[in-house]
Amino acid sequence: MAGGQGLMAGKRGLILGVANNRSIAFGIAKACVDHGAEIALTYQGEAFKKRVEPLAAELNAHVAGHCDVTDPESLDAVFADIAKHWGKLDFLVHAIAFSDKDELTGRYVETTRDNFLRTMDISVFSFTTIAKRAEPLMTDGGSLLTLTYYGAEKVMPHYNVMGVAKAALEASVRYLAVDLGAKKIRVNAISAGPIKTLAASGIGDFRYILKWNEYNSPLKQTVTQEEVGDSGVYFLSDLSRGVTGEVHHVDSGYHVVGMKAVDAPDISTVKD
Ligand SMILES: NC(=O)c1ccc[n+]([C@@H]2O[C@H](COP(=O)([O-])OP(=O)(O)OC[C@H]3O[C@@H](n4cnc5c(N)ncnc54)[C@H](O)[C@@H]3O)[C@@H](O)[C@H]2O)c1
């Protein structure tokens, strides 16, 4: 639908966090392009460059270069590139998180200071510093979207410090929504159900988590990148122009469930 028609026609957006074609960011990027948006992608280092460039070509996307959120100079370079290429920005997607895999098993109480700070820096502070850089380019208002998970609200096995980071990210959404609201820049998050991606491969027992969600969510399915992408279009387009500071669950309804479904197979080993 690119080139004039569609919910996102005329909008230009920077999408951070595409690692490969399974990335949630790629699902959002594809949906935006299908609805007429022009997009720019970044990659984290040479290893991802090889994967991102063909995906960018597939979506007719501009490649805004290397972006490592722990390196402020790389962020400055990306935003300078966007300023030069487009002069303005209508939307931005932040789909970035990291924690040491070894600390996503065992007890949260064992989290090291180093990994706590690194996890918070990459998964939380990055959204704030990116919002600050996007603000001057969003001269006609804009929409910022980040990705979170239910582990921010409830304790999930193997989510540990990442759950604490996502809780801080969700609080950041609310504070940023107030700071940027006067400029008609909206800030929201999608809380996605579990999806098999590169980042998810660092989470222990991920196949079990997927099955549990499939059996126990109201829709009796896990969500796909496409489903998250379509909800992303709502937040990044004018359809949601009255919405900011929101954390919206795209998880087949799993967050409303309090206990295993009566008809769900018992995949635990407990007998009593
Ligand atoms: N997969 C899931 O089950 C799930 C569920 C809910 C939320 N999320 C969130 O969705 C977002 C995207 O993750 P994904 O599952 O698509 O995995 P992914 O591995 O495809 O994407 C993670 C991205 O983070 C980027 N990244 C990590 N450290 C970075 C750094 N220092 N600088 C720049 N980029 C960096 C990686 O390059 C990668 O592109 C994350 O915030 C994740 O927590 C994932």
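The values are calculated or read from the model by the stated rules, or taken from the named source; none is laboratory data. Nothing here was measured: the structure is a model prediction, and the numbers come from that model. Neighbour counts are summed over all protein chains in view; Cβ atoms, including those assigned to glycine, are modelled from backbone coordinates with ideal geometry. Protein only, heavy atoms only, side chains kept; ligands, DNA and RNA dropped before computing areas. Shrake-Rupley method; radii C 1.70, N 1.55, O 1.52, S 1.80 Å.
Solvent-accessible surface (1.4 Å probe) assigned to K260 amounts to roughly 70 Å². Taking the 1.4 Å solvent-accessible surface of the chain as the whole, the part contributed by carbon and sulfur is 53%. When the alpha carbon gyration tensor of the chain is reduced to an equivalent ellipsoid, the three semi-axes, largest first, read 31, 21, 18 Å. Shape summary of the range 125-245, radius of gyration then Dmax from alpha carbon positions: 15.7, 45 Å.
Averaged per residue, the range 31-167 has 47 square angstrom of accessible surface, using a 1.4 angstrom probe with ligands and nucleic acids left out. A crude spin-label estimate for the pair L117 and A77, with each label 7 Å from Cα along the Cβ direction, gives 2.5 nm.
Pairs from the list K101/K183; K30/K88; K196/K260; K30/K260; K50/K84 with a Cα-Cα gap above 28 Å: K101/K183; K30/K260.
Just by accessible area at a 1.4 angstrom probe, what is the order of R12, R133, R241 from largest to smallest?
Ranked list, largest accessible area first: R241, R12, R133.
Rolling a 1.4 Å probe across the protein heavy atoms gives the range 205-272 an accessible surface of 62 Å² per residue.
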